[in-house]
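See below for the structure under consideration.
The values are calculated or read from the model by the stated rules, or taken from the named source; none is laboratory data. Note that this is a predicted model, so its numbers are computed, not measured. Note that each Cβ is placed from the backbone with ideal geometry, even for glycine, and that neighbours are counted across all protein chains shown.
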Amino acid sequence: MTLGGGDLAINEIKRTHPHGLTDLCEEGSRLYGNALRTGRIARADVETAPCLMEFALLHPDPDDPNWLRPVPPTIALAQRLNPIEQEITQRRRESIELADAFEPFMHISAQPTATTHSITVLEGLDRINAALDLATSQCQSEMLTVQPSRRRLEHTLAKALERDRPLIERGCRIRTLYQHPARYSPETLAYVAQFADGKVEYRTIDELAERLIICDETVAFIPTRDDGEVALELRHPGLVRYLIKVFEFMWARAVPLSAGAPYETASDGITEVQHSIAKLLVEGHVDEAIARRLGMNVRTCRAHIAKLAHALGSGSRAQLGYLIAQSGILDRDH
């Protein structure tokens, strides 16, 4: 059956004012009240509020198809409450079953010989994100994060935004370390702009080892695999304190994101990033490894190496390493 003009109009109205039953629109409330007072209402009169039929608050008049009759509110309410009450009953049953399942183990965990649950291996992104969500929801003071400059996808940033916003609203402080290339990432800058008015600080540094999240000096999260599918949840006070000291060490040497670009040329003609590259070259790292360590692509890394070679007057890669060592730039105070 094809839709007539009236049906098309009703479908268009449905698309333009969607809402749930608990926030019934003003027009729907008025028409339903009128129908209850008079006992029926013309079908044509409710075309502007198709929600009344959608929520089964009206039904066709068996004696005249041009009229609709109201469903008594007691019946409509019961029809809506019944599935909710069934779900609540099911949840209660499941909670009782869970409590019964864990009850035999309660006395075991209470024994003095029980091992402290200080390190937990989290496998899979769902379990990692669930643990992070719980830790951030319980955070009351400050969260420290280290975010190496791998390209962060939009859905990853959206998840971080959803997790961090309640922290800011509770008045928690957030300090985040990025690598210098993050200054040129539209996604990262857009994310940072969301918290311009909060107690949030962002700094960048040339090199970061790996991702780190610490909440309230109580729990820390670190990855154990490059694909991010396995992480450790650390609650050992000594480990957490150590990681906080590592964070503070890097934080003191980082540049505020609001400051100028950290790639300014020093008096010796070598920029900050080129100094970092020089150090890694002398240590024997190849271009790909240097780029990965500094959070940049290989092409950009090689462009910096070429500029470094030009500044030192090097004609070959082997000579560049020698000139770096002889120039004294690695002794430069950072």
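For Arg183, the stated conditions hold: it is assigned to a helix (DSSP H, G or I), surrounded by 18 or more Cβ atoms within 10 Å (Cβ to Cβ) and among the basic types (Lys, Arg). Only one of the numbered conditions (1) within 30 Å of Glu217 (Cβ to Cβ); (2) at pLDDT 85 or above; (3) surrounded by 11 or more Cβ atoms within 10 Å (Cβ to Cβ) is violated by Phe102, and that is (3). The single residue among Ile277, Ile270 that is modelled with pLDDT of 75 or more and crowded, with 19+ Cβ neighbours inside 10 Å turns out to be Ile277. Of the residues making up segment 292-322, those that are modelled with pLDDT of 80 or more, part of a helix (DSSP H, G or I) and not charged (D, E, K, R) number 14. Applying the set (1) in contact (Cβ under 8 Å) with a residue 40 or more places away in the chain; (2) surrounded by fewer than 16 Cβ atoms within 10 Å (Cβ to Cβ); (3) in the same structural domain as Leu234 (by TED's automatic domain parsing) to Arg80 leaves exactly one unmet item: (3). Of the residues in segment 189-208, at least one is within 20 Å of Leu239 (Cα to Cα), assigned by TED's automatic domain parsing to the domain that holds Ile128, at pLDDT below 85 and outside any helix (DSSP H, G or I). Filter segment 211-225 down to the residues that are out of contact with any Asp or Glu (no Cβ under 9 Å at 6 or more places or on another chain) and charged (D, E, K, R), then identify the one that is nearest to Met143 (Cα to Cα). Ranking the candidates gives Arg211 first. I'd like the full set of residues that are under 36 Å from the mean Cα position of the chain (by Cα) and either part of a strand (DSSP E or B) or of a type in the set (A, V, I, L, M) (or both), limited to segment 44-96. Residues satisfying the conditions are Leu81, Ile84, Ile88, Ile96. Would you point out the residue of segment 53-71, among those that are surrounded by fewer than 10 Cβ atoms within 10 Å (Cβ to Cβ) and free of Cβ contacts under 8 Å to residues at least 12 places away in the same chain, that is nearest to Cys25 (Cα to Cα)? Looking at residues that are surrounded by fewer than 10 Cβ atoms within 10 Å (Cβ to Cβ) and free of Cβ contacts under 8 Å to residues at least 12 places away in the same chain, I get Pro62. Out of Ile214, Ile168, I need the residue that is surrounded by 15 or more Cβ atoms within 10 Å (Cβ to Cβ), farther than 21 Å from Leu122 by Cα, in contact (Cβ under 8 Å) with a residue 24 or more places away in the chain and among the β-branched types (Val, Ile, Thr). Which one? From the options Ile214, Ile168, the qualifying one is Ile168. Restricting the first member to segment 31-52 and to residues that are assigned by TED's automatic domain parsing to the domain that holds Pro18 and at positive phi, and the second to residues that are modelled with pLDDT of 90 or more and surrounded by 14 or more Cβ atoms within 10 Å (Cβ to Cβ), the beta-carbon pairs closer than 9 Å and six or more apart or on different chains are Gly39/Arg69; Gly39/Pro70. Leu31 meets all of the listed conditions (1) within 36 Å of the chain's Cα centre (by Cα); (2) modelled with pLDDT of 90 or more but one, namely (1). Considering segment 132-148 alone, what residues qualify as being of a type in the set (A, V, I, L, M, F, W, C) and surrounded by fewer than 16 Cβ atoms within 10 Å (Cβ to Cβ)? Correct list: Leu134 only.
Quick check: is even one residue across segment 219-238 of a type in the set (Phe, Trp, Tyr), touching a residue at least 12 places away in the same chain (Cβ under 8 Å) and out of contact with any helix residue (DSSP H, G or I) (no Cβ under 8 Å at 6 or more places or on another chain)? Scanning segment 219-238 turns up no residue that is of a type in the set (Phe, Trp, Tyr), touching a residue at least 12 places away in the same chain (Cβ under 8 Å) and out of contact with any helix residue (DSSP H, G or I) (no Cβ under 8 Å at 6 or more places or on another chain).
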